[in-house]
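A.B. asks: Have a look at the structure that comes next, please.
The values are calculated or read from the model by the stated rules, or taken from the named source; none is laboratory data. A quick note: this is a predicted structure, and the numbers were derived from the prediction, not measured. Cβ placement follows ideal geometry from the backbone for every residue including glycine, while neighbour counts extend to all protein chains displayed. Keep in mind that these areas ignore ligands, DNA and RNA; they rest on the heavy atoms of the full protein, side chains included. Shrake-Rupley method; radii C 1.70, N 1.55, O 1.52, S 1.80 Å.
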Amino acid sequence: MERPGAGEINSNECENVSRKKEISEEFEASTVDSLVDVPFATIDIKDDCGITDVPQINLERSKENEWISKDQIQKRRKKHKDYQPNYFLSIPITNKEITRGVKILQDAIIQQDKRLSKAMTGDGSFHVTLLVMQLLNDDEINIGIDALLELKPFIEEILRGKHLILPFQGVDTFGNQVGFVKLAEGDHINPLLEIAEAAKRIFQEKGILAGESRSYKPHLTFMKLYKTPWLWKTGVKKIDPKLYENFISHRFGEEVVQRIDLCSMQKKKQSNGYYHCESSIVIGDKNGGEPDDAELVRLSKRLVENAVLKAVQQYLEETQNKNKPGDGSSMKTEEADRNGTDCDNNRK
C-alpha cells in the first residue's frame, strides 16, 4: 500500500476532516440556537460563546498575519463579552385570555411529553421584550429609570392618543429550542417598532449599552428547551412541531399595552412570578400621565434606598479618612481632649 506523498492526504483522512467539520458546525448551530431567547435573545452569541465566523488559518500564512488575525478575534470576543445585558424593557402580558390560552398550550405539550414541564415559562412572567441593556450599578440603574421616563412622551407622540393593541396568533420556535406565541401581522407592528427604536436611541444617548445586533422580532416566549440541558441526555434535543400543531393558527387574544417596565434578569422575581421591576411608565392612561399608586410606591422606595446607601457610603468614607495612617487629626483631637481634661482638673 502506497503512502501519500508530502502535502497529500488520503481519502480516509479527507473523510475524517469532513466529519469533524460537520460535527463542529452542528455544535455551533445547536449552541447558537439554544441561546437565542434569553430575554436578550439576539445578541451576537457566537462570539460570546467563543465561536467566530473567522475561517481556519491557512497553514501557509505567515506567522505575522496569523498573530494579527488572532488579535482581532480576541478583541471582538472581548467586545461582546464585556456586553452582557442584565436588564430589559418589558411589556407585561396582563390579558387573562392570553395567559389562559398559553397555559392550555403548555398543558397540551406536557400531556404528550411530561419531561418538558421543566422547560415551560411561568405564566406570571409572560411578556414581550422591547429592549435589552446592561446596567452595572445603582447609578446606571437610575440613569436607566430616567431614560424610561423620557421615553414616555415619545411613545405618546407615536401613538397620537391611540391604544397600542398587540394581537397574538399562532406558534413557532427559534431553532426548535425556544417556543413562542407569534405576534400577528397588522397596523400595530410599525408603532411597536418605532417605540423599540426610540427606546434604544434614548438609552444609548445616555451612555447605556443597549440593543442587540439582530433585527427586533417581538414575541411571547412560553418554552425554553435550553433551560433544561439534562433533557438532551434523555434524547430531547429539539421541540417537535407535532407537539403544538393544533395551535399553529390559534388566536390567543389581544393585549392592550398598559405599561412598560424596566426589569432585572438576575434579581429575585416577585411573588407573582414576574420579574423584579425597577420602574414603570403607564401607556395610554387617562390621567394625563400621572403615575399610578404602584409606581409611586416603587419610586419612593427607590429614593429612600438611594438616600440610605449614599449616607452609609459617606459615613464609611469619613470613618476611613479619620483612621488613615499618618493622619494626625485624630491624634490632635485626642490630645486636645486630654488638655481640656487637665485644665478642668487644675481648676478643681
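A.B. asks: Going through region 114-138 one residue at a time, which ones are open to solvent by 30 Å² or more (accessible area, probe 1.4 Å) and either among the small types (Gly, Ala, Ser) or within 30 Å of Gly235 (Cβ to Cβ) (or both)?
C.D. replies: To start, the set of residues in region 114-138 that are open to solvent by 30 Å² or more (accessible area, probe 1.4 Å) comprises 114-115, 117-118, 120, 122-123, 136-138.
Answer for region 114-138, where residues must be open to solvent by 30 Å² or more (accessible area, probe 1.4 Å) and either among the small types (Gly, Ala, Ser) or within 30 Å of Gly235 (Cβ to Cβ) (or both): Lys114, Arg115, Ser117, Lys118, Met120, Gly122, Asp123.
A.B. asks: Considering only region 150-172, state which residues are in a helix (DSSP H, G or I) and surrounded by fewer than 16 Cβ atoms within 10 Å (Cβ to Cβ). Explain how you work it out, then say what you get.
C.D. replies: The first filter runs over region 150-172 and keeps only residues in a helix (DSSP H, G or I), leaving 150-159.
Across region 150-172, the qualifying residues are Lys152, Pro153, Glu156, Glu157.
A.B. asks: Take region 209-259 and flag every residue that is farther than 30 Å from Lys114 by Cβ, within 15 Å of the chain's Cα centre (by Cα) and among the aliphatic types (A, V, I, L, M).
C.D. replies: Within region 209-259, Leu209, Ala210 qualify.
A.B. asks: If a residue has to be among the charged types (D, E, K, R), farther than 25 Å from Gly101 by Cα and part of a loop (DSSP other than H, G, I, E, B) to count, how many in region 229-245 make the cut? Lay out the reasoning, then the answer.
C.D. replies: Of all residues in region 229-245, those among the charged types (D, E, K, R) come to 233, 237-238, 240, 242, 245.
Applying the additional criterion that residues be farther than 25 Å from Gly101 by Cα yields 233, 237.
Filter once more, so that each one left must be part of a loop (DSSP other than H, G, I, E, B): 237.
Here the count works out to 1.
A.B. asks: Say we look at region 86-113 and pick out the residues that are closer than 22 Å to Trp230 by Cβ and aliphatic (A, V, I, L, M); which of these is surrounded by the most Cβ atoms within 10 Å (Cβ to Cβ)? Write out each step before concluding.
C.D. replies: First, pick out the residues of region 86-113 that are closer than 22 Å to Trp230 by Cβ: 106-107, 109-113.
Okay, now just the ones that are also aliphatic (A, V, I, L, M), so 109-110.
Details: Ile109: 23, Ile110: 17.
Only one residue tops the list, namely Ile109.
A.B. asks: Among the residues of region 246-279, which ones are more than 16 Å from Ile104 (Cα to Cα), in a strand (DSSP E or B) and open to solvent by 80 Å² or more (accessible area, probe 1.4 Å)? Please lay out each step first, then the result.
C.D. replies: Initially, region 246-279 is screened for residues more than 16 Å from Ile104 (Cα to Cα), giving 254-279.
Those still in the list that are in a strand (DSSP E or B) too: 254-256, 259-264, 277-279.
The answer is Glu254, and nothing else.
A.B. asks: When region 192-230 is examined, which residues are found to be hydroxyl-bearing (Ser, Thr, Tyr) and either without any contact (Cβ under 8 Å) to a residue 60 or more places away in the chain or farther than 20 Å from Ile165 by Cα (or both)?
C.D. replies: If we filter region 192-230 for residues that are hydroxyl-bearing (Ser, Thr, Tyr), which is where we start, we get 213, 215-216, 221, 226, 228.
Residues satisfying the conditions are Ser213, Ser215, Tyr226, Thr228.
A.B. asks: Please tell me if Glu278 is modelled with pLDDT of 95 or more and within 18 Å of Leu149 (Cβ to Cβ). Talk me through it step by step, then tell me what you get.
C.D. replies: Working: modelled with pLDDT of 95 or more: yes; within 18 Å of Leu149 (Cβ to Cβ): yes.
When the stated conditions are applied, Glu278 passes them.
A.B. asks: Filter region 173-204 down to residues that are open to solvent by 80 Å² or more (accessible area, probe 1.4 Å) and under 19 Å from the mean Cα position of the chain (by Cα), then give me how many there are.
C.D. replies: First, the residues of region 173-204 that are open to solvent by 80 Å² or more (accessible area, probe 1.4 Å): 185, 187, 190, 194, 197, 201, 204.
Filter once more, keeping what is under 19 Å from the mean Cα position of the chain (by Cα): 197, 201, 204.
Final tally of qualifying residues: 3.
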